[in-house]
Amino acid sequence: MNEQHNKNHLNLIKKLINCANTRETNEIIRNNFDYIDINFLKILQQEAIRLQQEGNSDTGNILRNILSQLVDILGIEKEDIKNDEVE
């Protein structure tokens with residue numbers, strides 16, 4: 001179940017990466033809001049870091065911006081998602 005849940009999170013992140021604009025990003029987030037939890041935020045952060053380390057800074061920055069917005073919306077402390085393992 002956890003593995004499938006993580007795959008679902010990664011698929012959602014891929015959709016967000018492929019968004020053409022902010023409106024599309026917001027629509028995807030709105031349509032998938034039930035799947036956005038602390039684990040999703042941790043995976044989103046890990047993917048942003050991975051992409052930046054691989055030289056995909058623009059895409060990594062897009063994910064970091066989405067992460068920052070979601071953290072604010074959900075009222076989660078940024079420390080709660082830093083350097084934690086995905087559950």
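Below, the figures for the structure above:
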| item | result |
| --- | --- |
| Per-selection metrics, the chain (Cα): Rg and Dmax in Å | 12.1, 32 |
| Calculated from backbone phi, Karplus (6.51, -1.76, 1.60) coupling profile of the range 46-61 in Hz, x at Gly/Pro | 4, 5, 4, 5, 4, 4, 5, 5, 8, x, 9, 4, 4, 5, x, 5 |
| For the range 18-28, 3J(HN,Hα) per residue [Karplus equation, 6.51 cos²θ - 1.76 cosθ + 1.60, θ = phi - 60°, Hz, x = Gly/Pro] | 8, 5, 7, 7, 4, 4, 5, 4, 4, 5, 5 |
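Laboratory data are not the source of any read-out in this text; all were calculated from the coordinates shown. This is a predicted model, so every value here is computed, not measured.
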